[in-house]
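Below: one structure, written as structure tokens.
The values are calculated or read from the model by the stated rules, or taken from the named source; none is laboratory data. All values reported here derive from a predicted model rather than from experimental measurement. Every residue, glycine among them, receives a Cβ derived from its backbone with ideal geometry; neighbour counts consider all protein chains shown. Quick note on the areas: whole protein, heavy atoms, side chains included, nothing else; ligands and nucleic acids left out. Shrake-Rupley method; radii C 1.70, N 1.55, O 1.52, S 1.80 Å.
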Amino acid sequence: MVIFISDSCTEEQIDSITNCWGQSSKVEIQYSLDPLNAKKITYSVKYEGSGSLSSIKWTFGDGKPTVEGLRVTHTYETAGTYEVQADITVRKDQENCNVIEKKNVQVN
């Protein structure tokens with residue numbers, strides 16, 4: 001016995017899903033340390049897809065409020081390992097694709 005279950009999507013929904021596939025493999029959180037303050041870090045996202053970065057909301061893992069920007073600087077109060085999260089919106093083929101990227105960062 002074979003059972004087929006179908007969840008019907010509109011053609012527009014299928015195109016939107018297809019356009020967003022694979023975007024997470026094309027983004028990477030990058031960061032650089034301030035040479036004068038080891039707790040001050042500048043974050044950005046490297047993106048190698050065919051769309052464009054529309055917005056990024058950053059969570060720094062230390063309980064501070066979320067910040068929005070394509071390139072942001074954050075100063076940590078104490079040393080430790082923090083999980084940084086970037087909620088990224090990629091604009092591709094007139095559709096928004098949402099991607100979440102995370103990275104553990106060691107702050108000295």
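Structural remarks
- Peptides 51-58, 99-106, ordered by how many other C-beta atoms sit within 10 Å of their residues on average, highest first, read 51-58, 99-106.
- Computed accessible area, GLU83, all protein chains, 1.4 angstrom probe, square angstrom: 90 Å²
- Dipole magnitude for the stretch 19-108: computed about the Cα centre from +1 point charges on Lys and Arg Cβ and -1 point charges on Asp and Glu Cβ, it is near 120 debye.
- On full extension, the segment bounded by SER55 and LYS92 gains 12.1 nm, given 0.36 nm per residue less the C-alpha separation.
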